[in-house]
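Data block below; observations after.
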Ligand code: SAM
Ligand code: SF4
Ligand code: SF4
């Protein structure tokens, strides 16, 4: 029997556009004074990996029903929505998924997005997060289409462990070849994200640091998060970033670096010997909701204000109902101004525990990382 585990249409509100007039422009801030600066766009809910912490095979099996093509936002729709977000202050767009490189002709979307400019005429920071399996083949085309840089996810260098973690028998060598090609075509600075699960791949922390030390790649360690409901998350499997830093510093002395910006999610550490830097993203042990400027557009056009949100705002319905740019922009402005999400800050509180029981959160593969 086919099944969906993501309640979408029933929970998603169609945004209110009553009284919309002129296109509202300019920077929006939410109820916690956070501006809207980043937009993550999920271009597909499908993936060729079955990472145990994201799309466990037991749930995302052959009976799982992915979205039909007609449900996906078209490239024209994505560009239109993105343009309105850019008018509202978005400076950075990240394409994600599922596996974004599985979306057919993604380069055409990148070409469209690369032409967008901030209101004061600057190009966007246009990037993409990928599992790297198709990157060797696609890096040149992505760069030529106007992509600025990429982030590649890689959880282990040990081939057997990597195959177990992606649970689809992909080899580490394919991802490393993709990283090399992305660097060769100038998709830089290239970042590699490693999700650390205690007892699963924490033995790979130091080998990964050693491998990318001095390579120009910025390696970032992400705490395993309680996203969605399918991965059976357990706090005991979270290895705090502070311990990651300690383990690496025992081999390569590290010194803290200044953040690039207040909204940066990673804490940066530099190798004392000049071998580059690493970052740690402490989504669980050190919440950064206070500076969270990210909105997320799901594959089927629902706007989510937090990675842990249960409800999206149905921008696709609005777009397909014939709404004008002014009406869509008004909806976005109203939604962002009402935003109060700060799940990670509240995690562990009684309220958050109750909410987790009451509501089902969306999956990372649906909303994008
Ligand atoms: N498929 C692409 C990839 O893996 O890079 C893009 C989508 S994936 C959902 C985006 C990022 O989310 C990846 O870096 C992945 O490792 C991370 N991720 C997925 N589930 C996670 C979890 N439970 N905790 C922390 N990070 C997670
Ligand atoms: Fe696919 Fe990325 Fe999720 Fe792994 S983390 S299953 S590669 S979407
Ligand atoms: Fe942003 Fe939500 Fe993550 Fe907090 S929990 S940092 S509000 S996405």
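Things to note:
- Among the conditions (1) touching a strand residue (DSSP E or B) at 6+ places or on another chain (Cβ under 8 Å); (2) modelled with pLDDT under 95; (3) within 30 Å of residue 35 (Cα to Cα), residue 237 misses just one, which is (3).
- Residue, nearest to ligand 2 (Cβ to nearest atom), within region 117-141, restricted to residues that are more than 16 Å from residue 85 (Cβ to Cβ) and in contact with a strand residue (DSSP E or B) (Cβ under 7 Å, 6 or more places away or on another chain): 131
- Helices (runs of 4 or more DSSP H) wholly inside region 283-350 containing at least 1 residues that are within 16 Å of ligand 1 (Cβ to nearest atom) and crowded, with 18+ Cβ neighbours inside 10 Å: 343-346
- Looking at region 89-173, the helices (runs of 4 or more DSSP H) lying wholly inside it that each contain 2 or more residues that are at pLDDT 95 or above and under 30 Å from residue 30 (Cα atoms) sit at 106-114.
- Considering 61, 30, 38, the condition of being more than 16 Å from ligand 3 (Cβ to nearest atom) and at pLDDT 90 or above is satisfied by 61 alone.
- In region 127-154, the residues that are on the phi > 0 side of the Ramachandran plot and within 10 Å of ligand 1 (Cβ to nearest atom) form Cβ pairs under 6 Å with partners that are part of a strand (DSSP E or B) and at pLDDT 95 or above, at six or more places apart or across chains, as follows: 132/152.
Listed here are the residues, each with its yes/no results for (1) more than 13 Å from ligand 1 (Cβ to nearest atom); (2) buried (at least 18 other Cβ atoms within 10 Å of the Cβ); (3) free of Cβ contacts under 8 Å to residues at least 12 places away in the same chain.
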position	(1), (2), (3)
31	yes, no, no
34	yes, yes, no
48	no, no, no
53	no, yes, no
67	yes, yes, no
84	yes, yes, no
93	yes, yes, no
99	no, yes, no
111	yes, no, no
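- With respect to the stated conditions, residue 257 fails to be free of Cβ contacts under 8 Å to residues at least 60 places away in the same chain, surrounded by 15 or more Cβ atoms within 10 Å (Cβ to Cβ) and either within 19 Å of the chain's Cα centre (by Cα) or farther than 21 Å from residue 131 by Cβ (or both).
- Here residue 79 clears all of (1) buried (at least 21 other Cβ atoms within 10 Å of the Cβ); (2) away from ligand 1 (no atom under 15 Å from the Cβ) except the condition numbered (1).
Residues are listed down the side, and each one gets a yes or a no for (1) exposed (fewer than 14 other Cβ atoms within 10 Å of the Cβ); (2) over 25 Å from residue 150 (Cβ atoms); (3) touching a strand residue (DSSP E or B) at 6+ places or on another chain (Cβ under 9 Å):
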| site | (1), (2), (3) |
| --- | --- |
| 183 | no, no, no |
| 191 | no, no, yes |
| 204 | no, no, yes |
| 218 | no, no, yes |
| 221 | no, no, yes |
| 246 | yes, yes, no |
| 262 | yes, no, no |
| 273 | yes, yes, no |
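- Checking residue 168 against (1) surrounded by fewer than 16 Cβ atoms within 10 Å (Cβ to Cβ); (2) over 30 Å from residue 126 (Cα atoms), the condition it does not meet: (2)
The values are calculated or read from the model by the stated rules, or taken from the named source; none is laboratory data. Being a predicted model, the structure only gives us computed values, none of them experimental. Using ideal geometry, Cβ is built from the backbone for each residue, glycine included, and neighbour counts are taken over all protein chains shown.
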